[in-house]
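Colleague: Structure in structure tokens, see below.
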Amino acid sequence: MLKILNIAGARPNFMKVAPIYAEMKRRAAEFEPMIVHTGQHYDAAMSDAFFDDLGMPKPDIYLGVGSGSHAVQTAKIMTEFEPVVLEHKPDWVLVVGDVNSTIACALVCAKLGIKIAHVEAGLRSWDRGMPEEINRILTDSISDLLFTTSQDADENLRQEGIPAERVRFVGNVMIDSLLEHLKIAENSKVRTDLGIVEGAYAVMTLHRPSNVDERDVFGGILDALLSVAERLPIIFPVHPRTRAKIEEFGFLGRIAASNIKLIEPLGYLDFMRLYSGARLVLTDSGGLQEETTVLGIPCLTLRHNTERPITIEMGTNVLVGTDPDKIKQAAKNVLENPVVAETKIPPLWDGKAAGRICDELIGFA
Ligand code: UD1
């Protein structure tokens with residue numbers, strides 16, 4: 001029987017932890033799983049809504065750390081998490097993705113000699129200006145078992161000197177959640193409520209500090225969006241960080257006069273219903289590059305790099321950076337060409353990754 005603490009901290013963690021936790025619960029003779037929520041994301045819309053939609057129980061342990069600078073947030077998570085590990089003495093702590101909660105909890109365990117499993121290991125943007133890249137590199141270097149979503153990640157880990165015995169290519173748990181909930185999401189009324197129909201709107205998400213924290217960069221992206229919105233409405237669920245910047249930079253007036261509709265962050269199912277019917281997605285999210293790949297929806301990624309190159313090689317993703325003309329041109333290309341019917345799905349993005357992760361944990365000597 002393996003006692004496992006599963007760490008969930010921020011919005012993109014929840015849909016990765018959910019299928020793993022559910023699988024461990026199903027295999028009750030082999031696993032004793034618990035959920036630890038660090039509280040990195042704490043708004044109802046950024047956290048509770050996801051637990052509800054994903055059918056996850058309330059976390060067993062809530063650390064309630066909240067926001068802060070990177071150092072403050074990371075340090076708070078470590079300070080709060082250490083006594084939890086000491087009390088529960090887990091066999092494994094399982095961390096997912098690349099947020100501050102991921103590295104903070106992994107670092108606590110490395111020092112206490114508790115085994116760490118990292119789900120979504122080996123992704124690299126090669127951009128150390130991105131806080132997530134630092135979190136990825138450090139977490140991978142101290143993990144005992146590294147679960148990868150694609151084989152390019154295995155190669156990245158090999159180049160960093162991580163022994164192959166520790167690396168397991170298991171596929172993508174985020175896609176486990178997507179495939180499990182796609183049908184259920186059809187019950188969402190989000191399209192009706194917004195007055196939009198399938199294939200006749202675009203969806204936008206933007207939250208990376210590099211895109212929203214500087215007025216010129218965000219302003220340039222907004223110029224491009226205003227132009228795209230002349231052709232089709234853009235629905236833009238706004239992350240709290242981005243909302244604050246829109247207000248600070250005085251962008252609200254231009255947006256209100258356009259065909260861009262700002263809405264509150266959506267829950268998992270409503271958001272799935274929204275992007276799954278979009279003609280085009282514009283984003284700087286990591287997960288959305290993968291979700292649109294599986295669904296065959298054109299995705300323009302407003303970044304200069306991606307740690308998920310397979311979404312470009314096999315999927316529908318195009319890196320467009322933040323230059324307004326490039327964004328406009330790429331959107332024009334998508335809108336003036338028919339949607340490609342054939343969708344290629346990367347290997348092992350098949351809805352069964354959580355099962356493979358559990359098998360590997362049990363089999364690991
Ligand atoms: C974090 C992750 C990022 C992920 C993103 C998804 C890190 C380094 N970054 O970035 O990889 O893509 O989550 O959303 O871990 N805030 C609220 N309510 C909340 C959470 C945040 O109002 O529930 C506001 C606060 O003002 C906070 C700001 O958003 O300061 C940023 O939150 P933070 O958790 O620091 O990073 P994210 O930008 O959300």
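The values are calculated or read from the model by the stated rules, or taken from the named source; none is laboratory data. All of these numbers come straight from a predicted model, not from anything done at the bench. Neighbour counts are summed over all protein chains in view; Cβ atoms, including those assigned to glycine, are modelled from backbone coordinates with ideal geometry.
Colleague: Mind counting the residues in the stretch 350-359 that are touching a Leu at 6+ places or on another chain (Cβ under 7 Å) and either surrounded by fewer than 18 Cβ atoms within 10 Å (Cβ to Cβ) or free of Cβ contacts under 8 Å to residues at least 24 places away in the same chain (or both)?
Modeller: Filtering the stretch 350-359 for residues touching a Leu at 6+ places or on another chain (Cβ under 7 Å) gives 351.
With the extra rule that they be either surrounded by fewer than 18 Cβ atoms within 10 Å (Cβ to Cβ) or free of Cβ contacts under 8 Å to residues at least 24 places away in the same chain (or both), the set shrinks to none.
Going through the stretch 350-359 one residue at a time, the tally reaches 0.
Colleague: For the stretch 62-99, give me each residue that is more than 21 Å from residue 21 (Cα to Cα), surrounded by 13 or more Cβ atoms within 10 Å (Cβ to Cβ), of a type outside the set (Ser, Thr, Tyr) and away from the ligand (no atom under 11 Å from the Cβ).
Modeller: 75, 76, 78, 80, 82
Colleague: Look at residue 31 and say whether it is touching a residue at least 12 places away in the same chain (Cβ under 8 Å) and closer than 24 Å to residue 133 by Cβ.
Modeller: Values: touching a residue at least 12 places away in the same chain (Cβ under 8 Å): yes; closer than 24 Å to residue 133 by Cβ: no.
When the stated conditions are applied, residue 31 does not pass them.
Colleague: Check whether at least one residue in the stretch 238-250 is farther than 22 Å from residue 316 by Cβ and either small (Gly, Ala, Ser) or away from the ligand (no atom under 16 Å from the Cβ) (or both), and report yes or no. Don't jump to the end; show me each part of the working.
Modeller: Within the stretch 238-250, the first condition is being farther than 22 Å from residue 316 by Cβ, and the residues that meet it are 238-250.
Then keep just the ones that are either small (Gly, Ala, Ser) or away from the ligand (no atom under 16 Å from the Cβ) (or both); that gives 244, 250.
Within the stretch 238-250, one or more residues are farther than 22 Å from residue 316 by Cβ and either small (Gly, Ala, Ser) or away from the ligand (no atom under 16 Å from the Cβ) (or both).
Colleague: Testing residue 255 on (1) part of a helix (DSSP H, G or I); (2) under 23 Å from the mean Cα position of the chain (by Cα), one condition comes back false. Which one is that?
Modeller: Failed condition: (2).
Yes/no matrix, rows are residues, columns are (1) in the same structural domain as residue 19 (by TED's automatic domain parsing); (2) touching a residue at least 12 places away in the same chain (Cβ under 8 Å); (3) among the hydroxyl-bearing types (Ser, Thr, Tyr):
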position: 313; (1), (2), (3): no, no, no
position: 316; (1), (2), (3): no, yes, yes
position: 324; (1), (2), (3): no, yes, no
position: 330; (1), (2), (3): no, yes, no
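Colleague: Could you pull out the residue among 232, 225, 206 that is in contact with a Phe, Trp or Tyr (Cβ under 9 Å, 6 or more places away or on another chain) and either within 16 Å of the ligand (Cβ to nearest atom) or not assigned by TED's automatic domain parsing to the domain that holds residue 258 (or both)?
Modeller: On the way: 232 fails: either within 16 Å of the ligand (Cβ to nearest atom) or not assigned by TED's automatic domain parsing to the domain that holds residue 258 (or both); 225 fails: either within 16 Å of the ligand (Cβ to nearest atom) or not assigned by TED's automatic domain parsing to the domain that holds residue 258 (or both).
Of the residues listed, the single one that is in contact with a Phe, Trp or Tyr (Cβ under 9 Å, 6 or more places away or on another chain) and either within 16 Å of the ligand (Cβ to nearest atom) or not assigned by TED's automatic domain parsing to the domain that holds residue 258 (or both) is 206.
Colleague: Given the criteria within 16 Å of the ligand (Cβ to nearest atom), touching a residue at least 40 places away in the same chain (Cβ under 8 Å) and within 16 Å of the chain's Cα centre (by Cα), does residue 102 qualify?
Modeller: Values: within 16 Å of the ligand (Cβ to nearest atom): yes; touching a residue at least 40 places away in the same chain (Cβ under 8 Å): yes; within 16 Å of the chain's Cα centre (by Cα): yes.
Spelling it out, residue 102 is indeed within 16 Å of the ligand (Cβ to nearest atom), touching a residue at least 40 places away in the same chain (Cβ under 8 Å) and within 16 Å of the chain's Cα centre (by Cα).
Colleague: Every residue in the stretch 115-130 that is under 14 Å from the mean Cα position of the chain (by Cα) and either assigned to a loop (DSSP other than H, G, I, E, B) or surrounded by fewer than 24 Cβ atoms within 10 Å (Cβ to Cβ) (or both), please.
Modeller: Here is the first cut: in the stretch 115-130, the ones under 14 Å from the mean Cα position of the chain (by Cα) are 119-121, 123.
120, 121, 123 - these are the residues of the stretch 115-130 that are under 14 Å from the mean Cα position of the chain (by Cα) and either assigned to a loop (DSSP other than H, G, I, E, B) or surrounded by fewer than 24 Cβ atoms within 10 Å (Cβ to Cβ) (or both).
Colleague: Return the total of residues in the stretch 250-300 being of a type in the set (Gly, Ala, Ser) and without any contact (Cβ under 8 Å) to a residue 60 or more places away in the chain. Can you show your working first?
Modeller: Going residue by residue through the stretch 250-300, those that are of a type in the set (Gly, Ala, Ser) are 250, 253, 256-258, 267, 276-278, 285-287, 296.
If we keep only those that are without any contact (Cβ under 8 Å) to a residue 60 or more places away in the chain too, we end up with 250, 253, 256-258, 296.
Number satisfying all stated conditions: 6.
Colleague: What number of residues in the stretch 108-135 are within 15 Å of the ligand (Cβ to nearest atom) and within 20 Å of residue 9 (Cα to Cα)?
Modeller: Quick first cut of the stretch 108-135, residues within 15 Å of the ligand (Cβ to nearest atom) only: 118-120, 123-125, 127-135.
After this cut, where a residue has to be within 20 Å of residue 9 (Cα to Cα) as well, the list is 118-120, 123, 130-135.
Adding up the residues that qualify gives 10.
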